[in-house]
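Below: the structure, in structure tokens.
The values are calculated or read from the model by the stated rules, or taken from the named source; none is laboratory data. Being a predicted model, the structure only gives us computed values, none of them experimental. A quick note on method: Cβ atoms are made from the backbone with ideal geometry, for glycine too, and the neighbour counts reach across all protein chains shown. Calculation scope for accessible area: heavy atoms of the full protein, side chains included, ligands and nucleic acids excluded. Shrake-Rupley method; radii C 1.70, N 1.55, O 1.52, S 1.80 Å.
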Amino acid sequence: MNETLQATVKKICEENGNDRTKMINIVKSVQKKIGCVNNESIDSIAKQVNAPRVDVEGVVSFYAFLSKESKGKIVIRLCNDVVDKIKGVDKVAEAFCDELGIKMGDTTSDDTFTLEYTPCIGMCDQAPAALINDTVVTDLSPDKIKKLISDLKEQNDPSKISFPKGDGNNAHELVNSMVNNNILKKGEVIFSDFESGASLKKALSMKPEEVIGVIKTSSLRGRGGAGFPTGLKWEFTRAAKGDRKIVMCNADEGEPGTFKDRVILTERYDLLFEGMAIAGYAIGSDAGIIYLRGEYLYLKNFLESMIGKAKENGFLGKKILGLEGFDFDIRIQMGAGAYICGEESALISSCEGLRGDPKTRPPFPAQKGYKNCPTTVNNVETFCCVSKILDIGAEKFVQIGTKGSTGTKVLSISGDCKKPGIYEFPFGVTLEELLGDAGAEDVQAVLVGGPSGQFIASDGFKRKICFTDLATGGSIVIFNKQRNMLEIADEYMAFFEEESCGYCTPCRVGNVLLKKCLERIIDGKGEPKDLDYLNELGESIKLTSRCGLGQTSPNPVLTTIKNFRSQYESIIKEKKDGMQPGFDIKKAINEAENLTGRKSVIF
Amino acid sequence: MEKPKLATTSLAGCFGCHMSFLDIDERILKLVELVQFDKSPIDDIKEFTGQCLVGLVEGGCANEENVHVLQKFRKNCDILISVGDCAINGGIPAMRNDLSIKECFEEAYLNGPSVYNPSGVLPDDKELPLLLDKVYPCHEVVKIDYHLPGCPPSADTLWEALVALLTNKPLELPYELIKYD
Ligand SMILES: Cc1cc2nc3c(=O)[nH]c(=O)nc-3n(C[C@H](O)[C@H](O)[C@H](O)COP(=O)(O)O)c2cc1C
Ligand code: SF4
Ligand code: SF4
């Protein structure tokens with residue numbers, strides 16, 4: 001075995017305390033050092049941390065950003081989300097291929113560049129975008145590629161290229177990114193004035209149970225998508241048996257079309273840290289973890305430095321605000337490119353150094369979460385709401401929004417509109433209002449809540465964003481009348497097919513079958529019965545899948561059939577001869593004809 | 001009134017489903033009171049003599065002739081039933097579906113451990129139907145009205161299903177007949 005490699009791996013493992021729950025960090029460091037995590041390094045890691053080899057290999061094969069094969073020094077990951085396609089990513093991809101002389105998925109012969117696609121990287125308002133190593137490059141167009149590649153060749157390191165600086169803290173030296181916040185509407189909760197420390201002070205003057213009481217009175221519900229009442233979740237976690245409790249912030253933001261947590265992290269980290277500390281006080285925890293999606297690595301140094309500042313100010317760390325016995329610290333755990341890790345139990349698996357597989361519930365994280373400790377997992381925006389609630393009081397908070405959906409919702413709006421970006425509206429805003437604000441014309445469909453949500457047609461534009469009508473984690477994607485809804489549904493099914501963790505058959509196989517049938521219809525080979533089949537299969541997948549991914553993945557198909565049925569019906573033909581239109585006998589015998597050198601005498 | 005007609009065929013199957021059908025034993029005398037057998041290996045009628053009410057299909061489609069026969073069944077039978085796991089899922093023959101035809105040929109006629117074929121000839125008579133790229137379940141080739149699972153479905157299952165269909169009664173299969181382990 002290669003000794004230097006072994007020594008390198010040994011050193012990295014030791015730096016991580018030979019702790020197998022730090023597996024993601026270990027393999028990421030190994031990959032950073034030697035370009036990949038090959039079989040030899042997998043062997044060494046397994047030996048070093050005393051884990052079965054298959055556990056290490058399982059992690060490496062699970063995450064999109066980890067690889068057993070070495071890639072180019074510069075990996076260009078072009079985002080091929082539906083919104084990027086609308087904004088012309090195909091032409092950009094062509095330009096990259098031409099300039100580098102390779103196909104998508106390939107590496108140049110000198111091992112400098114690898115070119116590949118990646119799902120939504122949270123930049124839909126500035127698409128097409130790409131991740132070049134850890135650097136985000138936005139607003140790409142074919143004419144910019146020549147210069148970009150020549151700059152990359154010259155600098156050999158994407159972080160050294162001087163891109164224009166983005167707005168707000170994106171220009172901060174520790175972020176140093178061309179990403180823009182595009183905050184187009186500030187609301188009363190997240191993007192309003194806030195005095196650091198004030199909420200925390202109020203919380204610490206109460207008993208923990210009283211803090212939970214305030215959150216319950218505020219009727220705050222989770223902003224990550226599922227909308228579970230936050231106060232209740234905290235109460236369960238506080239009541240659960242366990243020596244140690246954990247506060248976990250879900251900053252995985254993987255739902256295509258969602259990018260609001262990125263902006264909140266960039267601009268309102270103070271609200272977030274304070275919300276997490278308040279949660280820590282309320283449930284009796286001294287440890288907070290922010291699970292940051294791999295795509296947002298460019299924010300890590302900045303956030304860590306801000307955590308450091310908060311400690312200096314006494315808002316985090318030991319004896320917070322001088323209160324004896326209340327310690328609370330936050331660390332950042334990076335993800336490695338897996339949508340499913342946004343699901344709270346998969347997120348916990350990932351933090352434990354495992355594949356990002358969801359866990360079977362019960363037990364719920366509030367009972368047994370991270371390393372079996374009672375854990376509350378909340379979305380970035382949820383923690384920020386907590387800070388604001390303590391600041392202005394629950395009574396004032398419930399005045400904002402609607403009765404069942406208090407407060408505001410930060411929406412990330414993108415797609416076919418003039419003003420894509422971040423909008424904070426009180427709950428209860430209608431689609432019509434937000435389409436107007438975003439400058440959307442000629443609208444055919446609005447996708448509310450990303451592909452796991454629903455496609456709404458114009459007869460539903462008076463519907464409201466709130467938990468009892470149209471719930472969303474923040475993703476709003478607009479499609480104009482030129483778009484083919486079937487093709488868009490098909491693109492989103494490809495996303496789910498790729499991102500399914502594969503544990504349950506209905507999700508792993510069912511989504512593939514849905515997509516196959518949809519493609520047959522798009523091909524003009526559909527028949528009326530296919531719609532019943534799609535509906536039945538979709539409902540079965542939802543009913544029998546283990547986690548939220550499978551329980552929502554058929555939605556692109558189901559909600560387009562429901563709300564855009566005429567588009568399906570217009571290309572479906574009734575066939576009366578009983579033959580399956582999808583079966584192509586010529587194609588089926590082609591191989592045998594070539595092999596035997598004779599033509600079929602029957603067909 | 002003329003008795004309705006029943007046709008049966010075995011495509012890429014092992015004839016086990018037909019053997020199971022014969023296991024209805026003396027009940028076959030009752031069956032011929034309800035139907036007249038048409039094209040079927042049971043009476044060796046080779047071509048359809050007219051439109052049939054029911055067609056029973058054993059086995060999936062492994063070659064072009066299977067497809068041809070199945071399409072003829074679809075045209076000539078009002079109700080088509082996939083009988084057995086091969087018809088429904090492809091079954092054992094579909095185990096080749098991950099391999100190319102070339103690989104299958106090489107294993108079967110050249111490299112297999114028990115093969116003796118010094119001249120290395122692959123069977124290629126023009127009478128042999130061309131193989132399909134993979135084995136297809138029947139419902140991917142033509143529309144199938146009902147599926148009777150099992151390997152094979154038991155004689156009682158086949159009997160109950162046919163009698164219910166022919167006498168226009170709802171089919172009630174007891175648990176033992178649809179339990180497979
Ligand atoms: C496939 C899948 C992906 C998810 N992705 C995210 C995400 O990126 N961010 C998030 O906050 N919640 C996500 N969730 C929801 C979480 O499981 C969990 O409900 C949420 O983090 C709880 O926080 P909240 O109550 O504050 O919303 C996802 C759920 C599923 C099923
Ligand atoms: S539903 Fe899909 S993603 Fe969720 S556990 Fe099952 S296979 Fe994995
Ligand atoms: S289902 Fe079983 S019995 Fe019927 S043809 Fe196939 S292998 Fe033979």
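Which residues make up the longest stretch of chain A clear of GluC sites (Glu not before Pro) that lie in a DSSP loop with no more than 11 other Cβ atoms within 10 Å, not counting the sites?
A:325-573
Kindly flag which residue pairs out of A:LYS207/A:LYS241; A:LYS260/A:LYS396; A:LYS144/A:LYS462; A:LYS359/A:LYS462; A:LYS419/A:LYS464 have an alpha-carbon separation exceeding 30 Å in this structure. Write down the numbers at each step before the final one.
Details: A:LYS207/A:LYS241 19 Å; A:LYS260/A:LYS396 24 Å; A:LYS144/A:LYS462 41 Å; A:LYS359/A:LYS462 38 Å; A:LYS419/A:LYS464 20 Å.
With Cα atoms farther than 30 Å apart: A:LYS144/A:LYS462; A:LYS359/A:LYS462.
Could you name the aspartates and glutamates in cross-link range of B:LYS30, using Cα to Cα under 13 Å and dropping any fewer than eight places away on the same chain?
Hits, sequence-local ones excluded: B:GLU160.
Nearest 5 is fine: what % of DSSP beta bridges in the protein assembly as shown come out antiparallel, could you say? Mind showing how you got there, number by number?
On the way: 31 of 77 bridges.
Taking every DSSP beta bridge within the protein assembly as shown, about 40 percent pair in antiparallel fashion.
What list of ³J(HN,Hα) couplings, whole Hz, do you get for region B:95-106 from phi and the Karplus terms 6.51, -1.76, 1.60, once you set θ to phi - 60° and write x for glycine and proline?
So the J values, rounded to whole Hz, are 5, 7, 5, 8, 10, 7, 4, 4, 4, 5, 4, 5.
Over the heavy atoms of A:ARG331, what accessible area does a 1.4 Å probe trace out, to the nearest 10 Å²?
80 Å²
When you take every Cα atom in region B:66-181, what is the radius of gyration, and what is Dmax, the widest Cα pair distance, in Å?
That works out to 18.6, 60 Å for Rg and Dmax.
I'd like the Karplus ³J(HN,Hα) series for region A:124-130: coefficients 6.51, -1.76, 1.60, θ = phi - 60°, whole numbers in Hz, and an x wherever there's a Gly or Pro.
With coefficients 6.51, -1.76 and 1.60, one gets 4, 7, 9, 7, x, 10, 9 Hz.
Cut-off under 24 Å on the C-alpha distance; same-chain residues fewer than 8 positions from A:LYS33 excluded. Which lysines are left, in chain and number order?
A:LYS10, A:LYS11, A:LYS22, A:LYS47, A:LYS68, A:LYS71, A:LYS73, A:LYS153, A:LYS160, A:LYS300
Under the rule of -39500 (n - 2.57) per DSSP H run of 4 or more residues, summed and divided by the residues of the protein assembly as shown, what mean residue ellipticity at 222 nm is obtained, to the nearest 500 deg cm²/dmol?
Values: 30 runs with 303 residues, N = 784.
Only helices count here, giving -11500 deg cm²/dmol.
Per the Debye formula with a single identical scatterer at each Cα and no solvent contribution, what log10 I(q)/I(0) holds for region A:408-483 at q = 0.26 Å⁻¹?
-1.37
Which of the lysines could be linked to B:LYS143 by a straight reach, that is with a Cα gap under 16 Å, when you skip same-chain ones fewer than 8 residues away?
Correct list for B:LYS143: A:LYS525, A:LYS529, A:LYS573, A:LYS575, A:LYS576, B:LYS72, B:LYS75.
Give me, ordered by chain and number, the residues 5 or more places off A:SER475 or on other chains with an amide H under 5 Å from its own placed amide H.
Long-range HN contacts for A:SER475: A:SER412, A:GLY449, A:GLY450.
Would you mind telling me the share, in percent, of accessible area of chain A contributed by carbon and sulfur at probe 1.4 angstrom?
Numbers: 11870 of 24590 Å².
Of the solvent-accessible surface of chain A, carbon and sulfur hold 48 percent.
Send over the Kirkwood Rh of the protein assembly as shown, from the inverse of the averaged 1/r over different Cα pairs, rounded to one decimal Å.
Values: mean 1/r = 0.0335 Å⁻¹.
Taking the inverse mean of 1/r over all distinct Cα pairs, the protein assembly as shown comes out at 29.9 Å.
For region B:90-112 and region B:119-181, compute the distance between their C-alpha centroids and round to whole Å.
Between the Cα centre of region B:90-112 and that of region B:119-181, the gap is 21 Å.
Using DSSP to call loops (not H, G, I, E or B), can you name the chymotrypsin sites (Phe, Trp or Tyr not before Pro) in region B:97-181 whose Cβ has at most 11 other Cβ atoms within 10 angstrom?
Numbers: sites: B:PHE105, B:TYR109, B:TYR116, B:TYR146, B:TRP159, B:TYR175, B:TYR180; in loops: B:TYR116, B:TYR180.
Answer in residue order: B:TYR116, B:TYR180.
Would you mind working out the accessible area per residue for region A:1-137, using a 1.4 Å probe, and quoting it in Å²? Don't skip to the answer; put the middle values down first.
Details: 5820 Å² over 137 residues.
I get 42 Å² per residue for this part.
For B:SER114, what accessible area in Å² do you get when you roll a 1.4 Å probe over the heavy atoms of the protein chains, rounding to the nearest 10?
Around 110 Å² of this residue is reachable by solvent.
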